[in-house]
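Student: To start, I am sharing the structure in question, which I have written as structure tokens.
Derivation of every value follows stated rules applied to the coordinates shown; laboratory data play no part. Predicted model only: the values in this text are computed from it and were never measured. Cβ sites come from the backbone with ideal geometry, for glycine too, and all protein chains shown count toward neighbours.
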Amino acid sequence: MVEAIAFYTLATLILGFGILVISVRNIVHSVLFLVADLLLVAALYVTLAAEFLAVIQILVYAGGIVVLYLFVVMLVQLKRPELHADRRRLGVVGLLLAGVVLLELVGIAVYSASQPMLPAPGAARGLPIEGGNTENLGWVLYTDYLIPFEVASMLLLVAMIGAIVLARREVAVE
Amino acid sequence: MVDTFVIPLLKIVVVLNAVLVAVTYMVLLERKVIAWVQSRLGPMRVGPYGVLQPIADAVKLILKEDITPVKADKWVFTLAPILGLVPALVVFSVIPFGADPLYRITDINVGLLFVVSVTSIGVYGIILAGWASNSKYPLLASLRASAQLISYEIAVTMTLVSMIVTAGTLSLVGIVEAQQEAGLWFGFIQPAAFVLVFIGGLAETNRAPFDMPEAEQELTGGFHTEYSGMRFALFFLAEYANMIVVSSVVTILFWGGWLRPFPNIEVLAFLDFVPSWVWFLAKAFVFLYIFLWIRATLPRYRYDQLMRLGWKVLIPIAIGNLVVTGIVKILV
């Protein structure tokens, strides 16, 4: 009961802030609502007993990436936040994309509902499930899911190098 | 009911008030220490040796007119000081002040990460204050602040990972207990990590010599130029509360938290008559004093020097430290 109340309250707030993120006309306000949204998603993770994920969500998204967003917004528009000139700009493309994402989510939900429940990660190794999932997550990530983990880190490395190459200023060789 | 609500609430009230009182007296201590360093007396008028100065300051700040610039973004302008202070206070919920569970509000299994992530939210206070003021110096200050905080956060977090590897746990209580088992404070095992975290802590609390975001001579006070009265005081409270957070975390990670010196040597067992929370507060106070000492001693860094130190010195050392820690952990 308490969990249901918590979930629906959080879900309503997350959706509400999400709508505000895209409907507010001031970009900095929009970024602020995004921060609120990310913090609420972290709270949602806590209610799912995924504390590690919740803390990482705050650290990486709310505390890191969105700070950079804000930094860029402030650097690009030093005078006064530009108000979006045309609110219906690219509306059709946005709707199409949203539809595709919705379809994908519904597909995943239907598929995973038909599958049997997965055992808790690390259960086979005899690790304690109660009292914290950080250690389990570490074990599982570096044993069973080692290859996806390494592939993801390679992907990030490639992205980083790509960004540096793109942003590098050409130095004239004398 | 009593155990799940009343007692934690009482603890929260006690800790919050203790932190806020400590913060106001930190301001007095800072003025006194800097005065002594410069062969002055410091505040002397209010009460004997000026001990009532913080109360006079608080009354003054509350009574002052609270001005919001006409061209400021009102909502964000109001929100920014709150966003700066709240994370600094929230962190104290996981700080263990003593050995007994009575001396902490809670112990969560991701304690250290919780501290890092919540403090990383505090930067919004500074960035938004500068932006919402709609004034050029505060904006420059908040651009500097966001660049500075993000750069130093990488080095500090990377170093904290090596401390997690050393301790084998993320819980702050667990880290202190690991030091008891090891019979040695981690500061002796990881001296490089201690120096890195402390320098990073100086930079993240915007303290001298890294107080670029509020450099008075260049930016007329920096991000809080347009703030007055109690809202300005909230920024001040946040800065000093963050100093206490850094001192507490450094004490817990490197200098044994509430443990007495040489926790495993029986001959020194008589030291146990000092309560554990006294040890903790005494150690934390030493680091608070070092903060003031550094401010009184070192000149401010230039902005490019500061970024160079962060990216070209601290981050490589942090990565090297992590690699060495991992290798030692596997071999030993």
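Student: If I fit a long axis through the Cα atoms of helix B:74-90 and take the longest principal axis of the Cα atoms of chain B, what angle between them do I get, 0 to 90°, rounded to 10?
Tutor: That helix lies at roughly 20 degrees to the long axis.
Student: Using the Cα centre of the protein assembly as shown as origin and beta-carbon charges of +1 (Lys, Arg) and -1 (Asp, Glu), tell me which of B:Ile199, B:Leu140, A:Phe7 is placed farthest towards the positive end of the dipole.
Tutor: B:Leu140
Student: Which angle from 0 to 90°, rounded to the nearest 10, does the C-alpha axis of helix B:191-204 make with the longest principal axis of chain B?
Tutor: 20
Student: Another question, if that's okay. Helix-derived [θ] at 222 nm for chain B: sum -39500 (n - 2.57) over DSSP H runs of at least 4, divide by residue count, nearest 500? Write out the running numbers ahead of the final one.
Tutor: Working: 14 runs with 216 residues, N = 332.
About -21500 deg cm²/dmol.
Student: Quick one: what are the phi-derived ³J(HN,Hα) couplings along segment B:135-141, Karplus 6.51/-1.76/1.60 with θ = phi - 60°, whole Hz, x for glycine and proline?
Tutor: Those phi angles translate into 8, 6, 5, x, 5, 4, 4 Hz.
Student: Quick check for me: using +1 on Lys/Arg Cβ and -1 on Asp/Glu Cβ, what's the dipole size of chain B about its Cα centre, in debye to the nearest 20? Numbers along the way, then the final one.
Tutor: Numbers: 22 positive and 21 negative charges, 155 e Å.
Using only the charged Cβ atoms, the result is roughly 740 debye.
Student: Quick check: the angle from helix B:229-254's long axis to the longest principal axis of chain B, C-alpha only, nearest 10 degrees?
Tutor: Computed tilt is about 20 degrees.
Student: Take B:Lys32, B:Lys71 and order them by how many other Cβ atoms sit within 10 Å, fewest up front. Spell out each step's value before the answer.
Tutor: On the way: B:Lys32 21, B:Lys71 10.
Result, fewest neighbours first: B:Lys71, B:Lys32.
Student: Quick one: what are the phi-derived ³J(HN,Hα) couplings along segment A:153-168, Karplus 6.51/-1.76/1.60 with θ = phi - 60°, whole Hz, x for glycine and proline?
Tutor: My calculation for segment A:153-168 gives 5, 4, 4, 5, 5, 4, 4, 5, 4, x, 5, 5, 4, 5, 8, 5 Hz in order.
Student: Can you put B:Glu153, B:Glu181 in order of Cβ neighbours within 10 angstrom, beginning with the fewest? Provide the component values of the computation, followed by the final result.
Tutor: Values: B:Glu153 22, B:Glu181 11.
Fewest to most other Cβ atoms nearby, the residues stand as B:Glu181, B:Glu153.
Student: Label points 7 Å out from Cα along the Cβ direction at B:Lys71 and B:Phe188: separation in nm?
Tutor: It works out to 6.0 nm between the two label points.
Student: Now for a separate question. Can you pull the semi-axes for the protein assembly as shown, root of five times each eigenvalue of the Cα gyration tensor, sorted largest first, whole Å?
Tutor: Details: eigenvalues 261, 215, 123 Å².
Those come to 36, 33, 25 Å.
Student: Is the C-alpha gyration tensor of segment B:1-77 telling us rounded, prolate or oblate? Criteria: a/c under 1.5 is rounded; beyond that, a/b larger than b/c is prolate, otherwise oblate.
Tutor: oblate
Student: Keeping to pairs on different chains or 8 or more places apart, tell me how many lysine pairs in segment B:1-133 have Cα atoms under 30 Å apart.
Tutor: Numbers: B:Lys11/B:Lys60; B:Lys32/B:Lys60; B:Lys32/B:Lys64; B:Lys60/B:Lys71; B:Lys60/B:Lys74; B:Lys64/B:Lys74.
Value for segment B:1-133: 6.
Student: Can you sort B:Arg144, B:Arg302 so the residue with the fewest Cβ neighbours within 10 Å comes first? Mind dumping the intermediate values first?
Tutor: On the way: B:Arg144 24, B:Arg302 10.
Exposure proxy ranking, most exposed first: B:Arg302, B:Arg144.
Student: Provide Rg over Rh for segment B:69-331; use the alpha carbon set for both Rg and the Kirkwood Rh (inverse mean inverse pair distance). Write down the numbers at each step before the final one.
Tutor: Details: Rg = 19.2 Å, Rh = 19.1 Å.
Dividing the radius of gyration by the Kirkwood radius yields 1.00.
Student: Another question about this same structure. Placing +1 at every Lys and Arg Cβ and -1 at every Asp and Glu Cβ, with all other atoms neutral, what dipole size does segment B:63-152 have around its Cα centre, in debye to the nearest 20?
Tutor: It comes to approximately 360 debye.
Student: Is the shape of segment A:1-83 rounded, prolate or oblate, going by the alpha carbon gyration tensor and its root eigenvalues a ≥ b ≥ c, with a/c under 1.5 for rounded and a/b larger than b/c for prolate? Provide the component values of the computation, followed by the final result.
Tutor: Details: a/c = 5.76, a/b = 1.76, b/c = 3.27.
It comes out oblate by the Cα gyration axes.
Student: Also, I was wondering about something else. Projected area of segment A:133-174, taken from the Cα convex hull and averaged over every viewing direction, in nm²?
Tutor: Working: hull surface 17.8 nm².
It is 4.4 nm².
Student: Then there's this: What are the ³J(HN,Hα) couplings of segment B:174-184, residue after residue, when phi is run through the Karplus curve with 6.51, -1.76, 1.60 and θ = phi - 60°? Round to Hz, x for glycine and proline.
Tutor: Per residue, the Karplus-derived 3J(HN,Hα) values read x, 5, 5, 5, 4, 5, 5, 5, 5, x, 8 Hz.
Student: Relative contact order of segment B:227-332, please, whole-number percent, based on alpha carbon pairs below 8 angstrom and at least 6 residues apart. List each step's numbers first, then the result.
Tutor: Numbers: 34 pairs, mean separation 25.6, N = 106.
Here the relative contact order equals 24 percent.
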